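Novice: Pasting a structure below so you can have a look.
The values are calculated or read from the model by the stated rules, or taken from the named source; none is laboratory data. Remember, predicted model here, so these are calculated numbers, not experimental data. Here Cβ is always computed from backbone atoms with ideal geometry, including for glycine, and neighbour counts include all displayed protein chains. The area values use the complete protein model at the heavy-atom level, side chains included, leaving out ligands, DNA and RNA. Shrake-Rupley method; radii C 1.70, N 1.55, O 1.52, S 1.80 Å.
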Amino acid sequence: MTTSGGAPADNSRGDGRRQAGQRPLVVVPTYNERENLGPLVRQVLAAPHYRVLVVDDGSPDGTGALADALAHEFPGRVEVLHRTGVRGLGRSYVDGMQRALATDADVVCQMDADFSHDPKFLPDLVAATDRYDLVIGSRYLHGISVVNWPLRRLILSTFANWYVRAITGLKLRDCTAGFRCWRREALEKIPLDRIVSDGYAFVVEMTYEASRRGCRIGEVPIVFVERRVGTSKMSSGVLFESVIMPWRLILRRWK
Ligand SMILES: Nc1nc2c(ncn2[C@@H]2O[C@H](COP(=O)(O)OP(=O)(O)OP(=O)(O)O)[C@@H](O)[C@H]2O)c(=O)[nH]1
Ligand SMILES: [Mg+2]
C-alpha cells in the first residue's frame, strides 16, 4: 500500500465535542471511477475546510493516476491511498479509516464516487455530528428518496433493510446506506482491525459495532441518485456476504 499527497499526521484535536465538523475528511473508495472522480472531488472541495482521501484499489481504468493528479493540484487537501492485493470495498474503508484517524480530522465521512451521494448533502451530515456520533444519509426517512432505480433494485434494498433490522435489532430506517459521517471519537471506539466484511456488508457491520458501543446514531434525509456513468461493482459474492453478515454479528455478540 502506498500513499501520495495529504496533510501531516496530527492527533491533537482540542475540544472535539464542541468543534466537530471543523476538519472533515471525506473518504472515497474508488474502483474504475475515472469519469466521476474529478468532478466529485472538486465539488467536495468547494467547501474550503474539507479534505478528501481517495482509496483506490488499483483501478485498471487509471483512476489511481487521476487521483494522484488531483492530490498534486490540491496539495494538503487531497490524499491518495493506493491499495494492492485483494480488492474490496470493506477492506478499502478499513484502510481509509485507519489512515483518516492518523490525521487531525475531527469528522470522518464516507461516500461513493459515482454521484449517488451528492456532495451538497455533506454539510447537513457533518452538522448533525454535533448531535450524533454516527450520522447516516438516509434514503428512507421521509418515504423513499431514490431516483432512477429499477423496481427490482428498490425491492432488494427495502428487503435488505428489513432483513438487517429484524436480525440485528437496529432501529434505523436505512441501515445499509453508505453515505455517512463519524465523529472521530466514535470511529476510534470501533476495532477496525477486527472488521471482517469485504464488500457492502461493511456498513452494516460498522453500524452494529457502533450501536453495541453505545454510539448515538442519527439519520438525516438525502436523495440518492443512481449512477449515470461507470459501472456497478455489485457481485453475487458481495450479495451473499450481505445475507450472512447479520447472523455473524449476532453470533459475535453471543460469543
Ligand atoms: N477501493 C474500492 N472501491 C470500490 C470497490 N468496489 C466498489 N468500490 C467503490 O465503492 C463505491 C460504491 O460502488 P458501486 O459500484 O457504485 O456500488 P453501488 O452504489 O452499490 O452500485 P450501483 O448503484 O450500481 O452504482 C464506488 O465509489 C466504487 O468505485 C472495491 O473493490 N474497492
Ligand atoms: Mg453506486
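Novice: Sorted by accessible area (1.4 Å probe), largest first, how do W247, W254, W182 line up?
Specialist: W254, W247, W182
Novice: Then there is this: Counting only protein chains, not ligands or nucleic acids, how are K120, K233, K255 ordered by accessible area (probe 1.4 Å), most first?
Specialist: Listed by decreasing accessible area, they come as K255, K120, K233.
Novice: Sequence neighbours fewer than 8 away in the same chain don't count; with that in mind, list the aspartates and glutamates whose C-alpha is under 17 Å from K255.
Specialist: Within reach: E205, E209.
Novice: If you don't mind, there's one more thing I want to ask. Would you please put 166-176, 44-54 in order of how densely packed they are, using the mean number of other Cβ atoms within 10 angstrom per residue and starting with the highest?
Specialist: 44-54, 166-176
Novice: Mind checking which lysines have their Cα closer than 29 Å to the Cα of K120? Skip sequence neighbours fewer than 8 apart in that chain.
Specialist: Here the lysines satisfying the reach criterion relative to K120 are K171, K189, K233.
Novice: Also, I was wondering about something else. For region 192-200, just list the computed ³J(HN,Hα) in residue order, Karplus coefficients 6.51, -1.76 and 1.60, θ = phi - 60°, integers in Hz, with x standing in for Gly and Pro.
Specialist: So the Karplus estimates, Gly and Pro as x, are 4, 6, 9, 6, 9, 5, 8, x, 5 Hz.
Novice: Run lengths n ≥ 4 of DSSP H only: what is the helix-derived mean residue ellipticity at 222 nm for the chain, with -39500 (n - 2.57) per run over all residues, to the nearest 500?
Specialist: So the calculated ellipticity at 222 nm is -12000 deg cm²/dmol.
Novice: Follow-up question, since we're still on this one. Using DSSP, restrict attention to beta bridges with both residues in the chain and report what percent are antiparallel, rounded to the nearest 5.
Specialist: 35
Novice: Taking a 1.4 Å probe, which of R34, R184, R227, R194 shows the most accessible area, and what order do the others take after it?
Specialist: R194, R34, R227, R184
Novice: Tell me which DSSP H helices of the chain clear both cut-offs, 27 Å or more of axial length from alpha-carbon atoms and a mean Kyte-Doolittle hydropathy of at least -0.5.
Specialist: 236-254
Novice: While we're here: Local charge sum around I244 (other residues, Cβ-Cβ under 14 Å, Lys/Arg +1, Asp/Glu -1)?
Specialist: Every neighbour counted, the sum reads -1.
Novice: Share of Cα-Cα pairs in the chain beyond 25 Å, in percent?
Specialist: 39
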